[in-house]
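One structure is given here, and the rest of the page talks about it.
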Amino acid sequence: MRYPIVIEPGSETTSYGVVFPDLPGCFSAGDTLDEAVKNASKAAALWIEDALDNSEKVPAPSPLENVRDNPEWKNWIVGFADVDPMLFDTTAERVNITLPRRVLTRLDRRAKEEGETRSGFIARLAMGA
């Protein structure tokens, strides 16, 4: 998946600045154009993960023409940043893990105390909630 980006040209003393018109508040920078685009993809991934973790809607990418024709971005470089579509995959997947019995016992006890299933408890811990 590709999101349009606008890049403010850098100079010898300033970095290239990158803005995602579709992702409010998502921005990045880099000392070179390549670095700026690479960092932009990382910034978008973090922005999208945060939005999904907070049950917020993630906007679809705009057509490049809409961004390119916007006078707000006049004299900026227009391009794309790649975003891994797996970020949007919420399909449940069965996994097999191996844990010592004492750890599994503690895990199950804690999950029960929290009123959760084992899987739900592990998922919440992994997501940092």
> Each residue of the stretch 85-91 in order: what ³J(HN,Hα) in whole Hz does its phi give by Karplus 6.51 cos²θ - 1.76 cosθ + 1.60, θ = phi - 60°, with x for Gly and Pro?
Replying inline: x, 5, 4, 8, 7, 10, 5
> For 20, 121, what's the fewest-to-most ordering of other Cβ within 10 Å of each Cβ?
Replying inline: 121, 20
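What ranking of 86, 1 emerges when the number of other C-beta atoms within 10 Å of each C-beta is taken as an exposure proxy, fewest first?
On the way: 86 9, 1 15.
In increasing order of surrounding Cβ atoms, one gets 86, 1.
If we sort 58-71, 5-18, 32-45 on the protection proxy, mean other Cβ atoms within 10 Å, highest first, what's the order? Present the calculation step by step, with values, prior to reporting the outcome.
Details: 58-71: 13.6, 5-18: 16.2, 32-45: 18.3.
Ranking, from highest mean packing down: 32-45, 5-18, 58-71.
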>> Need one word for the stretch 2-88: rounded, prolate or oblate. Basis is the Cα gyration tensor (sqrt eigenvalues a ≥ b ≥ c); a/c below 1.5 gives rounded, then a/b vs b/c decides.
In response: oblate
>> Run the helix sum for the chain: -39,500 (n - 2.57) per DSSP H stretch of 4+ residues, divided by residue count, reported at 222 nm to the nearest 500 deg cm²/dmol.
In response: -11500 deg cm²/dmol
> How far is helix 101-113 tilted off the main Cα axis of the chain, in degrees rounded to 10, range 0 to 90?
Replying inline: 80 degrees
> When 112, 74 are ordered from fewest to most other Cβ atoms inside 10 Å of their Cβ, what list results?
Replying inline: 74, 112
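Since every read-out is calculated from the coordinates, none of them should be taken as a lab result. On a predicted model such as this, the values are computed, not experimentally measured, just so you know. Virtual Cβ from ideal backbone geometry, glycine too; neighbours counted across all protein chains shown.
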